[in-house]
Every structure is written in C-alpha cells, then in structure tokens.
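A.B. asks: This is the structure I have questions about; it appears just below.
Please treat every number below as a calculation from the coordinates, not as lab data. In this text, all values refer to a predicted model and were calculated from it rather than measured experimentally. Using ideal geometry, Cβ is built from the backbone for each residue, glycine included, and neighbour counts are taken over all protein chains shown.
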Amino acid sequence: MPVPLHQAKAELFRTLGHPVRIRVLELLCEGDHAVHQLLAKVEVEPSALSQQLGVLRRAGLVRQQRIGGEVVYSLLVPSVRDLLAAARTTLSFLLADQAQLQAALDGEASVAEGTEA
C-alpha cells in the first residue's frame, strides 16, 4: 500500500527539519561544494556534517561524487530552491505579522503607562 501523500510530505519536512541540513541545501543551491568547503561554511564537526549529509543523501535530495581526491555534493532536486524560497517568503510574512503585533503591544503599553502616571 502506498504511503499517503500527507505522510510523504510530513517525512520531507522532517528531513528538512534540521538547521545544518537547511544550511547545506542553501549552499548547494548556489552550486556544488566539496565536503571541506561545506565544513568551512557550516561550522560543525566533521562527524555532524557527515551525518546530516547522509540524511540528505538517503532522502534523495543530494548526491555525492568523487572528483579527484575530493567528495563533492550537489543538489539532486532543483525544486528545493523553490521550497527554500517559499520558506523565506513565509518567514518574512510571519515576522512582519509579529512586528505588527509587537507594535500594537508597545502602543498598548504606552497608553497604559500614560494613564497610570
């Protein structure tokens, strides 16, 4: 029996649900990176990076290939770029909404302080 679509989507989001994996995908959206380049930009222990790259590989989002003496990773699913862009747009919307709420709270506090003085 095939996995329901909502379950497959949830699994994809669980795969994306780690900051190191998101950062790696962002870097790979810019172009292929050797492991040493990823290590320099992600700033985690090599074992932690290796573990997260393995998760992305098993999910089918990235691939690795040996070029010369280096292991180079590349994005296997181009639409990940769109997904990350959608996440940025969503966060921007949410943060703008939070900023409006904060402004309203600040205004309410100013009024409350002004009436008590």
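A.B. asks: GNM, the chain, Cα, under 10 Å: largest mean-square fluctuation among Ala34, Ala87, Ala99?
C.D. replies: In this elastic network of the chain, the residue with the biggest mean-square fluctuation among Ala34, Ala87, Ala99 is Ala99.
A.B. asks: What order do you get for Arg21, Arg81 when you list them from fewest to most C-beta neighbours inside 10 Å?
C.D. replies: Taking fewest neighbouring Cβ atoms as first place, the list is Arg81, Arg21.
A.B. asks: Given charges of +1 on the Cβ of Lys and Arg and -1 on the Cβ of Asp and Glu, with all other atoms neutral, how large is the dipole of the chain about its Cα centre, in debye to the nearest 20?
C.D. replies: About 960 debye.
A.B. asks: Of (i) -0.69, -0.75; (ii) -0.46, -0.53; (iii) -0.56, -0.64, which is the value of log10 I(q)/I(0) by the Debye sum over Cα atoms at q = 0.14, 0.15 Å⁻¹ derived from the coordinates here?
C.D. replies: (i)
A.B. asks: Let me ask another. Give the long-range amide H neighbours of Ala34: residues separated by 5 or more places, or on another chain, with amide H under 5 Å away, using H modelled in the peptide plane at 1.01 Å from N.
C.D. replies: Sorted by chain and number, the residues that satisfy this are Tyr73.
A.B. asks: Helix 19-30 versus the longest principal axis of the chain: what angle, 0 to 90°, nearest 10, using Cα atoms?
C.D. replies: 70
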